[in-house]
Every structure is written in structure tokens, then in C-alpha cells.
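In what follows, a single structure is set out as C-alpha cells and then discussed.
The values are calculated or read from the model by the stated rules, or taken from the named source; none is laboratory data. Keep in mind that what you see is a predicted model, and the values were worked out from it rather than measured. As a convention, Cβ positions derive from the backbone with ideal geometry for all residues, glycine included, and neighbour counts pool all protein chains shown. Keep in mind that these areas ignore ligands, DNA and RNA; they rest on the heavy atoms of the full protein, side chains included. Shrake-Rupley method; radii C 1.70, N 1.55, O 1.52, S 1.80 Å.
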Amino acid sequence: MAMSSLKPGRKFGLVLVPFFLLTACSGTPETARVPLDRVVGSWMGPDDEEISLTADRTFESTDLAANKLAADNCPENQTRGSWAFYADLGDGMYGTSKEAPSGDRIGLSFKGLPQEDCAMQLAVVDAGKTLCATADPDDPCSLDVRFSREK
């Protein structure tokens with residue numbers, strides 16, 4: 001029987017190194033739970049898309065049909081609607097909640113637009129510095145559009 005020259009702690013470390021490398025190299029950003037006041041304000045996308053979230057949980061948006069969001073049937077012109085954080089609603093249900101004080105995902109409901117059109121959500125990433133447009137619950141930036149605070 002061959003004896004390993006590695007100490008037990010080092011064997012454990014050899015198992016963890018590939019795991020950490022795989023995790024660090026994955027392209028999916030971590031979401032960040034933030035309070036309401038961290039998302040309120042105006043956010044700009046890379047192609048002049050704009051969304052302004054207010055504390056009363058309404059929003060105005062402009063040019064959400066620009067480039068990458070056009071395929072998601074989002075409105076071109078200035079639109080309004082309401083927003084809410086996604087939260088645990090109890091009994092195994094997860095959805096938007098007007099009462100949730102914080103969250104890492106934001107659901108948008110466009111006034112006058114069927115819910116299945118522009119199913120875009122916003123995921124809070126980069127420790128709350130960025131809102132990513134997403135239509136995939138497993139990929140916070142699936143639509144590859146990142147909104148940053150308007151300066």
C-alpha cells in the first residue's frame with residue numbers, strides 16, 4: 001500500500017483549488033441584496049436606455065427597445081409602470097412584493113403592456129452599483145445590458 005506524501009490538510013486544499021478556480025472563472029455575476037434607497041434614482045444603459053425608479057415604486061423608462069432589449073419586446077418610447085423587489089411570499093412561493101424593503105431582483109410591470117411582453121427584470125449586481133437586465137432567473141445578466149447610475 002502506497003502512502004501519500006501530502007499531509008491531510010493539503011489533500012483537502014487540492015480538492016478546493018479547482019472548485020475555487022471554476023467558481024472564479026464563471027461569467028455569472030453575484031447578485032446583491034440592497035435596500036430600497038440603493039435602487040431609487042436614474043439608471044443609464046450602454047445604448048442610451050434609461051430607467052428611473054422612485055421610492056413610491058413607480059418607474060419611467062426610455063428606449064428600452066434599443067439594440068439588445070429589442071428582441072425582448074420592450075417598449076421603444078417613454079413608458080411608465082410599477083416595480084417591486086422579488087421576495088419569499090411564503091408557502092414556497094417567490095414573486096414580486098410591494099412591501100419587500102430590500103431585494104436582489106426587481107420586477108417591472110409596464111402600464112398598458114401585457115405582462116408576457118417585455119418580461120425583463122433587473123438584477124442588482126456589483127454590490128448594488130449596477131442593475132442588469134435579465135429574462136432568466138438563473139443568469140442575472142442574461143440580456144447583456146447593464147444599467148449604471150446616471151451622473
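Need the failing condition index for Val145 against (1) among the hydrophobic types (A, V, I, L, M, F, W, C); (2) touching a helix residue (DSSP H, G or I) at 6+ places or on another chain (Cβ under 6 Å); (3) at pLDDT 95 or above, just the number.
Of (1) among the hydrophobic types (A, V, I, L, M, F, W, C); (2) touching a helix residue (DSSP H, G or I) at 6+ places or on another chain (Cβ under 6 Å); (3) at pLDDT 95 or above, only one is false for Val145: (3).
State whether the residues of the stretch 127-138 include one that is open to solvent by 40 Å² or more (accessible area, probe 1.4 Å), assigned to a strand (DSSP E or B) and either basic (Lys, Arg) or out of contact with any strand residue (DSSP E or B) (no Cβ under 8 Å at 6 or more places or on another chain) (or both).
Scanning the stretch 127-138 turns up at least one residue that is open to solvent by 40 Å² or more (accessible area, probe 1.4 Å), assigned to a strand (DSSP E or B) and either basic (Lys, Arg) or out of contact with any strand residue (DSSP E or B) (no Cβ under 8 Å at 6 or more places or on another chain) (or both).
Taking the stated definitions as given, is Phe20 more than 21 Å from Lys111 (Cα to Cα) and either out of contact with any Ser or Thr (no Cβ under 6 Å at 6 or more places or on another chain) or at pLDDT 90 or above (or both)? Give the steps one after another, and end with the answer.
Working: more than 21 Å from Lys111 (Cα to Cα): yes; either out of contact with any Ser or Thr (no Cβ under 6 Å at 6 or more places or on another chain) or at pLDDT 90 or above (or both): yes.
Criteria met by Phe20.
Can you pull out every residue in the stretch 93-151 that is hydrophobic (A, V, I, L, M, F, W, C) and free of Cβ contacts under 8 Å to residues at least 12 places away in the same chain?
Met93
Residue-wise test of (1) open to solvent by 70 Å² or more (accessible area, probe 1.4 Å); (2) within 16 Å of Gln121 (Cα to Cα); (3) at pLDDT 95 or above; (4) touching a strand residue (DSSP E or B) at 6+ places or on another chain (Cβ under 7 Å).
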| position | (1), (2), (3), (4) |
| --- | --- |
| Pro29 | no, yes, no, yes |
| Arg38 | yes, no, yes, no |
| Ser52 | no, yes, yes, yes |
| Ser61 | no, yes, no, yes |
| Ala65 | no, yes, no, no |
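Is at least one residue of the stretch 86-98 in a loop (DSSP other than H, G, I, E, B) and at negative phi?
Pass one, the stretch 86-98, residues in a loop (DSSP other than H, G, I, E, B): 91-92, 98.
Of the ones still in play, those that are also at negative phi are 98.
Scanning the stretch 86-98, I find at least one residue that is in a loop (DSSP other than H, G, I, E, B) and at negative phi, so the answer is yes.
What do you reckon, is Ser42 open to solvent by 10 Å² or more (accessible area, probe 1.4 Å), touching an Asp or Glu at 6+ places or on another chain (Cβ under 7 Å), in contact (Cβ under 8 Å) with a residue 60 or more places away in the chain and small (Gly, Ala, Ser)?
It is true that Ser42 is open to solvent by 10 Å² or more (accessible area, probe 1.4 Å), touching an Asp or Glu at 6+ places or on another chain (Cβ under 7 Å), in contact (Cβ under 8 Å) with a residue 60 or more places away in the chain and small (Gly, Ala, Ser).
What's the number of the condition Val34 fails, among (1) open to solvent by less than 30 Å² (accessible area, probe 1.4 Å); (2) β-branched (Val, Ile, Thr); (3) at pLDDT below 95?
Going through the list (1) open to solvent by less than 30 Å² (accessible area, probe 1.4 Å); (2) β-branched (Val, Ile, Thr); (3) at pLDDT below 95, Val34 breaks only (3).
Kindly check whether there is at least one residue in the stretch 79-86 that is over 19 Å from Arg146 (Cα atoms), surrounded by 18 or more Cβ atoms within 10 Å (Cβ to Cβ), modelled with pLDDT of 85 or more and aliphatic (A, V, I, L, M).
no
Starting from residues that are of a type outside the set (Asp, Glu) and surrounded by fewer than 13 Cβ atoms within 10 Å (Cβ to Cβ), keep the ones in the stretch 90-99 and report whichever is nearest to Asp117 (Cα to Cα). Even if it seems obvious, please write down each step before you answer.
Step one: of the stretch 90-99, the residues of a type outside the set (Asp, Glu) are 90, 92-98.
If we keep only those that are surrounded by fewer than 13 Cβ atoms within 10 Å (Cβ to Cβ) as well, we get 90, 92-95, 98.
Details: Gly90: 27, Gly92: 26, Met93: 23, Tyr94: 20, Gly95: 18, Lys98: 21 Å.
My answer is Gly95.
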